[in-house]
Amino acid sequence: MGLQAQDRQLSIIPQPLELEQKQGAYILHEKSIIQFDDSDAELTALAELFAQGLFERTGIRPQLASPRSVKTANTLTLQLTSDTLGDEGYRLTVSEDGITARAAKANGLFYAIQSIYQLLPIGESANKGVAIPAVEIMDKPRFGWRGLMLDVGRYFYSVDYIKKYIDYLAMHKMNVFHWHLVEDHGWRIEIKSYPKLTDVSAWRPSTNFQRGSYINHNPHGGYYSHEDVREVVAYAQSRYVTVVPEIELPGHVLSALVAYPELSCTGGPFEIPEQWAIQQDIYCAGNEQVFTFLESVLSEVVELFPSEIIHIGGDEAPKDRWKACPKCQQRIKDEGLKDEHELQSYFITRIEKFLNSKGKRIIGWDEILEGGLAPNAAVMSWRGIKGGIEAARMHHPVVMSPTTHMYFDYFQGEPYHEPNAIGGHLPLRKVYSYEPLPEELTPEEQQYIMGVQGNVWGEYIHSPDKCDYMTYPRGAALAEIAWSAMKHKDWEDFIRRLEDQYLRYEQVGINYAKSAYQVYFEVEDDVAGKKSAVTLKTDSYQPEIYYTVDGSEPSLDSPKYHGPFEVAEYTTVRAATFKDGKRVSPASVRSMVRFEKTE
Ligand code: ACM
Ligand code: ZN
C-alpha cells in the first residue's frame, strides 16, 4: 500500500493559482458516476473524454449520468456556472463525498480534468479503488496564448502523431498548436486549386540528414489532405487547442516554386535543395499571378481552419532576387516604395487585407516589422525580444518566442551526451527562467503580450520519438511560464513536481528527455593557487551525484558529491546522477586546471 492520499505531495504542472490540500480523499471506484448536463453536446463529449481518460489511467471507467437521474452524492460533477475566472479558469473541489469541477466555459472544465489526472496516484493498483487527495483549487492561466510550434516541413509527421502532439500539449494546459506547414523542403497541405503543391512540392529525393554534410538519399515526403486537416482540427477543438496554420510567404517557399516556377522572379527551374539553408528564391512581389495564387491557397486554408489567426511566416526572405527583378522594381516604383523592405511590407499588407476580408487576422515572424508593420498584424518575436517590444509599443499583439529561451531544437544537455541538434544550448533551467513580459515595457504596453510559445524546428528531428524528446520536459517548463502566476515561480518545486510528471509521461508514452539528470560543471579557477573549485549541478530534484577523479566510471562506490570541492592540476572529473540506487545519467566528463605559463 502506498502513501495515504492526504500525505502525498501534490505535483500539478503547471502550478495552479490557489491550491489547498485537505484532509481525506475521494475514492474513485467502479460505481463512481460522472454527472453533467447531458442536453449539452459539448459537455457530453467532454464527459466521455473524461471517462476514457480515467479508464486509461486507473482502469476504472465511471458511468455517465445527467443530474436528473443521479441519486447518490458520490459523483464527479462537471458544471458550468457563471464565474469570474475567465474563459479558461476553473474551481475544483475534491472531498470524501465527491469531486466537483465548475467553470464558466467547458475550456475550464477541461483544465479541471487535467488537474484531476495529476492528482491520481501513479502506478498503484486500482483493486480497492483509487484515492484522489482532497483539495480545493482555484485556477486560471496567466497568458491566453500558450503555444507550441511543430515544423512538419522538414520532416512529415503522420496525423496519428499530430494528434498525440496535441494531446501532450493539452495535458499541459497549453492551447495553441502552431502547425508550420510550408517550407523550402516540403509543402504539407493539400490545395485543391494547385494540385502540383502536393504532387510535386511535398516530395524530395534526398536530405541533409546529419549535421555536417551527410546526405541521405531516401526519398521523403507527405502531406495532409483536407480530410486530414479537418480531423486534426476537430481533435484539437475537443481538447481546447486552437490550430494556427502557418502558410509561409514570401520566403521559405522553394518547394512551391519547384512546382510553379512562374511565381518566382527568375522563372526557375528549381529543385528542392539537399542542404538546410535560407534560400534566395522567393515569391516575386511584382507578379500579379503570385497574389492570385496566394489568395486561392489562403481561401482554402481559411475554410479549413476555424482559428481567427493565420500565421503568414514572413521570416528570412532575402531581397537579392527582388533587387534584380524588373517586375519587383516596377512595383516599387508604381507603389512609391522606398526599397525592398517596403516591398515586403507591401506584400504582407496586401495579404493581410485579403485575410481581414475573410474575417481573419495575421501573425508573422518579427521580420514583418521591417519596412513597416501591416496595420492589424500580430508579431511573433523570435530574434530575441526586440521585435516583440517594438510591436507592443505600437500596440500590436505579440507572442514571445525568442531563440534564447524558446527554441526546442537546441541542445538541452551536455552536447556530447545529446542526439544531433541544430546547435545552441537550451537546458531546462533556462527555459524555466524565461519571463515573457519584458521589463522595458510599461504595464499598459505589456497588455499586448498575448503569451509565449516554444518552437520545434525539424531539420534534425526525424522521428516522433525524437520530437517527443526535444519537446519534453522543456514543454512542461514552458507550460508553467505560460500558465502559472509569477508568485509561484519556484525552480526547486518545479523540478520536484517534474519527477511525477516523468512518470505520467511514461504512462502516456511520451519519449521525454532525461537530460535534466545530466551533471554539469561550474568551475572556478584559482590561477595563483593552481587549483579549481568544482561545483556539480543538475536540472533534477535533489540529485544524488557520485564522481571520480581517477579516470574510473562513477558508481555508488565512488565519492558522493556533497558540495563544491577543490581539484589540483590536470584533473578529469567524471560525475553521474543516481536515483533509488540506479544510475539515471551518463557520466559527464570535464578536464580542468590547465594553468599554463603564458610568458
Ligand atoms: C525562424 O526561426 N526562422 C522563425
Ligand atoms: Zn520579382
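The values are calculated or read from the model by the stated rules, or taken from the named source; none is laboratory data. Everything quoted here is computed from the prediction, not taken from an experiment. With ideal geometry, Cβ positions are generated from the backbone for all residues, glycine too; neighbour counts draw on all protein chains shown.
Of the candidates Phe36, Phe55, the single residue that is touching a helix residue (DSSP H, G or I) at 6+ places or on another chain (Cβ under 9 Å) and among the aromatic types (Phe, Trp, Tyr) is Phe36. Among the conditions (1) within 16 Å of ligand 1 (Cβ to nearest atom); (2) in a loop (DSSP other than H, G, I, E, B), the only one that Ile247 does not satisfy is (2). Please go through the range 287-304 and pick out each residue that is buried (at least 21 other Cβ atoms within 10 Å of the Cβ) and either assigned to a loop (DSSP other than H, G, I, E, B) or in contact with a Cys (Cβ under 9 Å, 6 or more places away or on another chain) (or both). Result: Val290, single match.
Hey, can you tell me all the residues within the range 328-341 that are in a helix (DSSP H, G or I) and over 22 Å from Ile247 (Cβ atoms)? It would help to see each step written out before you state the result.
Within the range 328-341, the first condition is being in a helix (DSSP H, G or I), and the residues that meet it are 328-334, 340-341.
Once the filter is applied, which keeps residues that are in a helix (DSSP H, G or I) and over 22 Å from Ile247 (Cβ atoms), the range 328-341 yields Gln329, Gln330, Ile332, Lys333, Asp334.
Considering the conditions (1) under 20 Å from Pro219 (Cβ atoms); (2) outside any loop (DSSP other than H, G, I, E, B); (3) touching a strand residue (DSSP E or B) at 6+ places or on another chain (Cβ under 6 Å), Leu148 is excluded by exactly one of them, (1). Considering the range 491-523, the residues that are of a type in the set (D, E, K, R) and in contact (Cβ under 8 Å) with a residue 24 or more places away in the chain include one that is nearest to Glu414 (Cα to Cα), namely Lys514. Considering the range 487-570, the qualifying strands (runs of 3 or more DSSP E), each wholly inside and each with 1 or more residues that are over 21 Å from the mean Cα position of the chain (by Cα), surrounded by 15 or more Cβ atoms within 10 Å (Cβ to Cβ) and small (Gly, Ala, Ser), run over 531-537. Take Pro415 and tell me if it is of a type outside the set (D, E, K, R) and more than 22 Å from Asp366 (Cα to Cα). The answer is yes for Pro415. Screening Pro419 on (1) surrounded by fewer than 23 Cβ atoms within 10 Å (Cβ to Cβ); (2) in contact (Cβ under 8 Å) with a residue 40 or more places away in the chain; (3) within 16 Å of ligand 1 (Cβ to nearest atom); (4) over 13 Å from the mean Cα position of the chain (by Cα) shows it passes everything except condition (3). Filtering the range 18-50 down to residues that are over 30 Å from the mean Cα position of the chain (by Cα) and among the charged types (D, E, K, R), which residue is nearest to Arg61 (Cα to Cα)? By that ranking, first place goes to Glu30. Listed by first and then second residue, the pairs linking a residue in the range 454-468 that is away from ligand 1 (no atom under 16 Å from the Cβ) and at pLDDT below 95 to a residue that is part of a helix (DSSP H, G or I) and among the hydroxyl-bearing types (Ser, Thr, Tyr), with Cβ atoms under 9 Å apart and 6 or more places separating them unless they lie on different chains, form an empty list. Taking the conditions (1) under 18 Å from Thr349 (Cβ atoms); (2) more than 16 Å from ligand 1 (Cβ to nearest atom) in turn, Lys323 satisfies each one other than (1).
Given the structure, is Pro464 under 27 Å from Lys537 (Cβ atoms) and surrounded by fewer than 23 Cβ atoms within 10 Å (Cβ to Cβ)? Walk me through it before giving the result.
Numbers: under 27 Å from Lys537 (Cβ atoms): no; surrounded by fewer than 23 Cβ atoms within 10 Å (Cβ to Cβ): yes.
In short, no.
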